[in-house]
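Asker: Just passing along the structure, written as structure tokens.
Each value in this text was obtained by applying a stated rule to the coordinates, not by laboratory testing. As the structure is a computational prediction, the values presented were derived from the model and not from experiment. Quick reminder, even Gly has a Cβ in these numbers, built from the backbone with ideal geometry, and neighbours come from all protein chains shown.
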């Protein structure tokens with residue numbers, strides 16, 4: 001999309017975080033506010049611990065150092081921290097290296113695939129059982145004629 005007359009030159013946009021889309025130009029602050037609302041862009045501190053192997057102390061230290069943004073949240077009175085996934089990934093990449101990050105992401109994806117396969121096997125078994133019952137019922141109806 002070509003830059004409009006009101007937007008800064010392309011080299012300036014990259015430095016201050018301009019994002020173009022749907023004919024609108026949003027400042028980086030608006031984009032970041034929107035980021036908190038998009039599915040998959042945030043994760044809880046507990047998920048960050050399990051998915052990336054971080055400790056709560058590391059997360060709190062990174063927040064205090066300004067490396068991670070957070071928003072406090074609570075479910076049924078239980079408080080938790082909402083973090084931006086891209087910031088957590090960048091933090092892990094800096095702290096532990098790119099190889100560690102890729103390995104953790106692969107392990108997390110593999111666990112999700114295994115979970116989904118287990119659910120599909122369970123669903124398949126239930127469908128097979130129902131199919132067998134229906135075939136038996138049809139066979140008995142045909143036999144009784």
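Asker: Normalised radius of gyration for the range 40-96, please: alpha carbon Rg relative to 2.2 N^0.38 Å, two decimal places.
Answerer: Output field value: 1.04.
Asker: So, R0 is 41 Å and r is the distance between the beta-carbons of residue 117 and residue 138; what FRET efficiency does that work out to, to 0.05?
Answerer: Efficiency computed from Cβ-Cβ geometry: 0.85.
Asker: Can you pull the Rg over Rh of the range 39-137, Cα-only, Kirkwood?
Answerer: 1.23
Asker: Using a ≥ b ≥ c from the Cα gyration tensor of the range 98-145 (square roots of the eigenvalues), is it rounded, prolate or oblate, where a/c under 1.5 gives rounded and otherwise the larger of a/b and b/c decides, a/b for prolate?
Answerer: Since a/c reaches 1.5 and a/b is larger than b/c, the shape of the range 98-145 is classed as prolate.
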